[in-house]
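Each reported figure results from applying straightforward, stated rules to the coordinates on display, with no laboratory input. Keep in mind the model is a prediction, meaning the values are calculated, not measured. A quick note on method: Cβ atoms are made from the backbone with ideal geometry, for glycine too, and the neighbour counts reach across all protein chains shown.
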Amino acid sequence: MDMRAAVAALVEKGIRAAFPDAEVPADIGGMLEVPPERTMGDFAFPCFRLSRALRMAPPMIASRLCQNINDPDTARVECVGGYLNFFFNRGNFARGTLEAILASPGKWGSSSEGAGKTVCMDYSSINIAKRFHIGHLSTTVIGNSLMRIYKFLGWNTVGINHLGDWGTQFGKMIAAYKRWGDKKTVEEGGVDEMTRLYQRFSAEAKENPALEDEGRAWFKKIEDGDSEALEIFRWFKDVTLKDAMRVYDILGVRFDSYAGESFYADKTGAVVKELEDKGLLKDSDGAKVVDLEEFGMPPCIILKSDGATLYHTRDLAAALYRKKTYDFSKCLYIVAYQQDLHFRQLFKVLELMGYPWAVDQMKHVAFGMVSYEGQALSTRDGVMIYLDDLLTRAQEKALAIINEKSPNLENKQEVARQVGVGAVVYSTLQNNRIKDIDFRWDRALNFDGETGPYVQYTYARCSSVLRKAPASLGDPDWNALTDDDSQYLLRLMSRFPEAVADACDKDEPSIVTRAVTEIAKAYNKFYYENRVLDDDPGVAAARVALTRACADVVRTGLYLIGLEAPERM
């Protein structure tokens, strides 16, 4: 039951009856507020917005409206100052909400709002020949969650892993491989072996500068399409992706495209020509730039003085390719906030090129930095946590806790995987994405706080109740759900669709995280205050229905943020 829509309909009816000549606001539902205290009602309508049009004081408007609203089957209404406070008919609210949730399992909060629209999401974007570290965690899990949220709301989603696979360093890697590497060792050692070869190259190049020329020569061969260079280069990418896929599989992450920087290398010439034809390029000490001074930004460098392209050149080519290929309605870049200037420049150059979609369809979805147990991550200082190591440790720690709390649990390894990985993902999506994250084990794996394991345990608790419930309980007595704890849980579940829509609108998965966490907390309060499998069949049927609906919403919420829902814990 959409109570916001139901209450909005009552307000509209009251306005038409009390003020026949008045213009009814278009978005009454959006004007409704949730009172800060439960004793003040379930929804409140502020009459201040009507005061100017009606030339009447808000308390008088509220009084007139109150006299013209009478629908006790939906809600009781009280006039308090300039507000109308609505109190749901608790029994009918319980019945309507639970019937709506249970009518389409797994669909509560979904919609067709995005039907016919495409969103491209550029996220994770790992570097070839480098290990997947914790610094990639935020972009990967935020992007994965947003992909799921958008798809849940009917959008066509295109997940893009924009690989970092272009630059002189790849020529150096080939040079190192040709000198000191062999295929079997790299196949077995994977990215670690490629890293070792690159580090050896860098160290020996200090003593033998000619190696740098050798590396540049191999990269030139890549640029020129030399068959041997391309074969090795593509093989390096395959080895890297094989290594990364282990992490993506653990996280449940999938991509539609792995087109990286190298894919756009041969498309930058057209971009440069278009910029020249439109009079946007200027010389700057031999480089080619787009002057953005009037927009409060430094120049956007398109070509270096030696004619080489840069990130901006390739990102411009990528944006134009994606628009042409996917005809997106939105294109999101899930990248750390330090790249804010880069994307402001990118979008402004596209706008100056005459592409208005760059203004309202492209967005930098920024996020904060990640630290580990209070330490900032730094390759130079040796503080770098690789993501596969982190996820392995999370599963090991989760297994130790499960062995202590539930030694007889079946499938402990599988549950430890779900809980350990879920703890890592949840800790990343718990707060607003722009906030910095300090990952700490004691917080992430706490079964009693606002954590992933806590929400997962709530789902397992619901599942346990449902397994014990008789197959048939008869008709529910909805009046058994009129107590404050039941009603609070029902209100939170009824508003879950609003949380999902808000998360999509703001590109903020933490809104779903908080919503599902509050639902879990409310269910546990209900569970401790009420005997679910009551002796009265009608009471038991109502409370089991509430439990079933809660399990469904919690499972949906966990899925949307990238967590699994264990049946037993």
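Subtracting the Cα-Cα distance from 0.36 nm times the residue separation, let me have the gained length for Lys304 to Met245 in nm, one decimal.
Separation in residues times 0.36 nm, less the Cα-Cα distance, equals 17.8 nm.
Amide H of Cys331 versus every other amide H placed in the peptide plane: which residues, excluding those fewer than 5 positions away on the same chain, fall under 5 Å?
For Cys331, whose amide H was placed from the backbone, the distant partners under 5 Å are Cys120, Met362, Lys363.
With θ taken as phi - 60° and the coefficients 6.51, -1.76 and 1.60, list the Karplus ³J(HN,Hα) couplings across region 406-411 in order, rounded to whole Hz; mark glycine and proline as x.
These are the phi-based 3J(HN,Hα) values: 9, x, 9, 5, 6, 6 Hz.
Looking at the chain, do any whole DSSP H helices span at least 20 angstrom along their long axis by alpha carbon and average 0.5 or above on Kyte-Doolittle, and which?
Long hydrophobic helices here: 3-18, 137-152, 537-560.
May I ask what percent, to the nearest 5, of DSSP beta bridges between residues of region 118-365 are antiparallel?
Antiparallel: roughly 35 percent of the beta bridges in region 118-365.
Mind running the shape call on region 158-283? Use the C-alpha gyration tensor, a ≥ b ≥ c as the square roots of the eigenvalues: rounded below 1.5 for a/c, prolate if a/b tops b/c, oblate otherwise.
Here region 158-283 falls in the oblate category.
Counting residues in region 3-88 as N, plug N into 2.2 N^0.38 Å and put the Cα Rg over that result.
After normalising by residue count via 2.2 N^0.38 Å, the value is 0.96.
In whole angstrom, note down how far apart the Cα centers of region 1-67 and region 281-332 are.
50
Using just the helices of the chain, give the 222 nm mean residue ellipticity in deg cm²/dmol: DSSP H runs with n ≥ 4 each add -39,500 (n - 2.57), and the total is spread over all residues, rounded to 500.
My calculation for the chain gives -17500 deg cm²/dmol from helical runs alone.
When Asp238, Asp534 are ordered from fewest to most other Cβ atoms inside 10 Å of their Cβ, what list results?
Least to most surrounded, the residues fall as Asp238, Asp534.
Go through region 91-130 and name the chymotrypsin sites (Phe, Trp or Tyr not before Pro) that are in a DSSP coil and have 15 or fewer other Cβ atoms within 10 Å of their Cβ.
Answer in residue order: no site qualifies.
What distance in nm separates the two pseudo spin-label positions at Glu228 and Arg393, each 7 Å out from Cα along the beta-carbon direction?
Roughly 4.3 nm, to one decimal.
Quick check on region 387-560: take the gyration tensor over C-alpha atoms, sort the square-rooted eigenvalues as a ≥ b ≥ c, and tell me if it's rounded (a/c under 1.5), prolate or oblate.
Oblate, since a/c reaches 1.5 and b/c is not below a/b.
Which is farthest toward the positive dipole end of the chain among Ala545, Trp155, Ala62, measuring Cα position about the Cα centre, with Cβ charges +1 (Lys, Arg) and -1 (Asp, Glu)?
Going by the charge dipole, the pick is Ala545.
Where does each of Ile174, Ile434 land when they are ranked from fewest to most other beta-carbon atoms within 10 angstrom?
Ranked by crowding around the Cβ, least crowded first: Ile434, Ile174.
Could you work out the equivalent-ellipsoid semi-axes for the chain, taking the square root of 5 times each eigenvalue of the Cα gyration tensor, largest first, in whole Å?
Three semi-axes, in Å: 52, 33, 17.
With charges set only on the Cβ (+1 for Lys and Arg, -1 for Asp and Glu), what does the dipole of the chain come to about its Cα centre, in debye to the nearest 20?
400
In what sequence do Met245, Met297 fall when counting other Cβ within 10 Å, fewest first?
Met245, Met297
Tell me, what HN-Hα J-couplings in whole Hz come from the Karplus equation 6.51 cos²θ - 1.76 cosθ + 1.60 at θ = phi - 60° for each residue of region 334-339, using x for Gly and Pro?
My calculation for region 334-339 gives 8, 9, 4, 5, 5, 8 Hz in order.
At a Cα cut-off below 13 Å, give the aspartates and glutamates reachable from Lys521, other chains included and same-chain residues fewer than 8 away excluded.
Output for Lys521: Asp448, Glu450, Asp485, Glu529.
Report, largest value first, the span of the C-alpha coordinates of region 447-501 along each principal axis, in whole Å.
35, 26, 22
Would you calculate the separation in nanometres between label points at Arg52 and Asp285, each defined as 7 Å from the Cα along the Cα-to-beta-carbon direction?
Calculated label separation equals 5.3 nm.
Sort region 118-365 into rounded, prolate or oblate with this rule: let a ≥ b ≥ c be the square roots of the eigenvalues of the Cα gyration tensor; rounded if a/c is under 1.5, and if a/c is not under 1.5, prolate when a/b is larger than b/c, oblate otherwise.
It is oblate, given that a/c is not under 1.5 and a/b is not larger than b/c.
State the Cα centre-to-centre distance between region 106-163 and region 475-501 in whole Å.
Between the Cα centre of region 106-163 and that of region 475-501, the gap is 30 Å.
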